[in-house]
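Below: the structure, in structure tokens.
The values are calculated or read from the model by the stated rules, or taken from the named source; none is laboratory data. This one's a predicted model, so the numbers in the text were calculated from it and none came from an experiment. Here the Cβ positions follow ideal geometry from the backbone for every residue, glycine too, while neighbour counts run over all protein chains shown. The protein model used for the area step is the full one, side chains on, heavy atoms only, and it has no ligands, DNA or RNA in it. Shrake-Rupley method; radii C 1.70, N 1.55, O 1.52, S 1.80 Å.
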Amino acid sequence: AMTTAGGRLVRYDASLERQLTQQATLAADLRRAMAAGEFQMRYQPIVELPHGRMVAVEALIRWVRPDGQVVSPEHFIPVAEDTGLIVELGEWIIDTVCAQTADWRSRPGAEVLRSVAVNVSARQLLDPGLPQVVADALARYDIPADQLTIEITETAVFGGGRALATVNALAQLGVSISLDDFGTGHSSLGLLRTCPVHAIKIDKSFVDGLGGTPQQEAIVTALVGIADTMGLRTVAEGVETADQAHRLFELGYHHAQGFHFARPLPASAITAMLQGDHQA
Ligand code: C2E
Ligand code: CA
Ligand code: CA
Ligand code: CA
């Protein structure tokens, strides 16, 4: 169907309109959820291979609705990005994660936790205020900068500009920069030259390819080779089986993360793990 908008003829797309309405509803709901304190952080262990001892955690957000329903970040992070709400939400995430890190650091057994990683999306990197937000949170909770890792995706910094300037400013603070979903973007290798990166996270899709064709394994092998040569740490993501963990270790991966080792957990579960390690 056709309809006129300001004298122009535009195609009327009912599905697009429905989508926009849904997005507006979700955006309003996100604002309300933020005020109501419905967001929570989960923490997934990053372990050392081959033994699987926790050395770090990645913070992952959850939206827990009043009825107990948990909404995946895959659903609301894109809307939070489109509406700019991610800036405010991102500040809450950084504050919450730093407060939690300070709590862990104050406990016996905390030495095993070398770093806590937090995800920062494309839109957050366009906010020139982000490095100051991070610096303030580190100071507020008295956390050494090198204990915080910022996970960015290659698509977020592709094209350089403001996002790359933000990453440089973050690196300048002394926080570690980790390139997430590595190998899935357009410019993975190029970015290693232009962007200050300390670690790469090999995407789950490559881990899933282990045991497949020789070509699939060749990519996983090549990626760790490049990382080693450049002095970058490597984390293999989405490890779900003992076979994958074993193979990754054989191929030279030092760190892994995935359901085989642990799911994203409430902070209290990580605290208990630190306590257990201490007693062991
Ligand atoms: P990501 O940063 O790539 O996070 C990894 C995702 O894989 C997480 O999903 C995690 O729960 C999941 N995962 C971990 N191990 C396994 C495994 O063995 N198998 C499978 N199938 N999945 C595994 P989650 O928590 O739903 O997060 C999805 C995405 O949402 C994240 O992808 C990230 O892009 C975004 N996100 C999550 N938390 C935050 C946050 O605090 N801030 C921002 N900006 N984005 C976030
Ligand atoms: Ca991540
Ligand atoms: Ca990832
Ligand atoms: Ca991802």
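Using 0.36 nm per residue, how much length does the chain from R263 to L16 gain when fully extended, once their Cα-Cα distance is taken away?
Gain on extension, R263 to L16, equals 85.4 nm.
Computed on alpha carbon atoms, what radius of gyration and Dmax characterise the stretch 4-120, expressed in Å?
For the stretch 4-120, the Cα-based Rg and Dmax read 19.5, 70 Å.
So if I take the alpha carbon set of the chain, get Rg, then get Rh from the Kirkwood formula, what is the Rg over Rh ratio? Write out the running numbers ahead of the final one.
Details: Rg = 20.4 Å, Rh = 20.3 Å.
Taking Rg over the Kirkwood Rh, I get 1.01.
For the chain, what is the mean residue ellipticity at 222 nm derived from helices alone (per DSSP H run of n ≥ 4: -39500 (n - 2.57); sum divided by total residues; nearest 500 deg cm²/dmol)? If you can, show how the numbers build up before the last one.
Details: 12 runs with 139 residues, N = 280.
After summing the helix terms and dividing by residue count, I get -15500 deg cm²/dmol.
Hey, what did the stretch 126-280 get for relative contact order, percent, Cα under 8 Å, at least 6 apart? Don't skip to the end; give the middle numbers.
Details: 192 pairs, mean separation 24.8, N = 155.
It rounds to 16 percent for the stretch 126-280.
Dipole size in debye (nearest 20) for the chain around its Cα centre, Lys and Arg Cβ +1, Asp and Glu Cβ -1?
Values: 21 positive and 32 negative charges, 70 e Å.
The dipole of the chain has a size of about 340 debye.
Ranking request for peptides 153-160, 30-37, 141-148: highest mean number of other beta-carbon atoms within 10 Å first, then the rest in descending order.
On the way: 153-160: 18.5, 30-37: 13.9, 141-148: 16.2.
Highest to lowest by the protection proxy: 153-160, 141-148, 30-37.
May I ask you to compute the full-extension gain from W92 to E250, defined as 0.36 nm times their residue separation minus their alpha-carbon distance, rounded to one decimal in nm?
Numbers: separation 158, 0.36 × 158 = 56.88 nm, distance 3.96 nm.
Between W92 and E250, full extension yields an extra 52.9 nm.
Ignoring ligands, DNA and RNA, what percent of the 1.4 Å accessible area of the stretch 89-186 is carbon and sulfur?
Working: 1980 of 3980 Å².
Answer for the stretch 89-186: carbon and sulfur cover 50 percent of the accessible area.
At a Förster radius of 25 Å, what calculated FRET efficiency corresponds to the Cβ-Cβ distance of D136 and V70, to the nearest 0.05?
Numbers: r = 30 Å, r/R0 = 1.19.
The calculated FRET efficiency here is 0.25.
Evaluate the distance, in nm, between pseudo-label points positioned 7 Å from the Cα of I219 and of V55 along their respective Cα→Cβ axes.
Result for the modelled spin labels: 2.5 nm.
Where only protein heavy atoms count, and the probe is 1.4 Å, what is the accessible area per residue for the stretch 125-265 in Å²?
Values: 6330 Å² over 141 residues.
On a per-residue basis, 45 Å².
What nm distance separates the two modelled labels at E48 and R107, each placed 7 Å from Cα along Cα→Cβ?
Result: 2.0 nm between the two label points.
Just the accessible area for D29, please: 1.4 Å probe, Å², rounded to the nearest 10?
Number for this one is 40 Å².
Given 0.36 nm per residue, what is the gain on full extension from D146 to D82 after removing their alpha carbon distance, in nm? If you can, show how the numbers build up before the last one.
On the way: separation 64, 0.36 × 64 = 23.04 nm, distance 3.06 nm.
That pair, D146 and D82, stretches by 20.0 nm at full extension.
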